[in-house]
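Everything on this sheet refers to the single structure shown next.
The values are calculated or read from the model by the stated rules, or taken from the named source; none is laboratory data. Everything numeric in this text was worked out from a predicted model, so none of it was measured. Please note that ligands, DNA and RNA were not included when accessible areas were found on the heavy atoms of the full protein model with its side chains. Shrake-Rupley method; radii C 1.70, N 1.55, O 1.52, S 1.80 Å.
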Amino acid sequence: MDSLDHMLTDPLELGPCGDGHGTRIMEDCLLGGTRVSLPEDLLEDPEIFFDVVSLSTWQEVLSESQREHLQQFLPHFPEDSLEQQNQLVLALFSGENFRFGNPLHIAQKLFRELQKTS
């Protein structure tokens, strides 16, 4: 996780919110073995979630080393592995169905459901 450590540990810039106090409600989540605090709006609002978790974020925000780190978690293919992984990333962010749905859409739905129960 070396290339992503700072993203998980650096404090977020919390600007003013609707309540005028400059604080946002954060939700603790366990990602792998790392506990992170994420803005509740990111977890609850599909529009915000998919604005952040998007192909443009993958291409324009993440560094090459961050993308390479995340690609470790994708399946490896016997031939043209990098090209097939790139196609997989495009399919993932375009909402394509992977047997039982799109993993990003499933994750966002699970985040919303967890918010309702907490």
Practice task
Hey, can you grab everything whose amide H is under 5 Å from the amide H of Met26? Only 5+ residues off in sequence or another chain; H modelled, so Pro and N-termini drop out.
Solution key: Glu40
Exercise for the section: Give the accessible surface of the range 69-118 per residue, rounded to a whole number of Å², with probe radius 1.4 Å and ligands, DNA and RNA excluded. Expected result: 75
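Report the Rg/Rh value for the range 32-118, based on alpha-carbon coordinates and the Kirkwood definition of Rh.
We get a ratio of 0.99 for the range 32-118.
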Problem - Area of Glu27 that stays accessible when all protein chains are in place (1.4 Å probe, Å², to 10) - result: 50
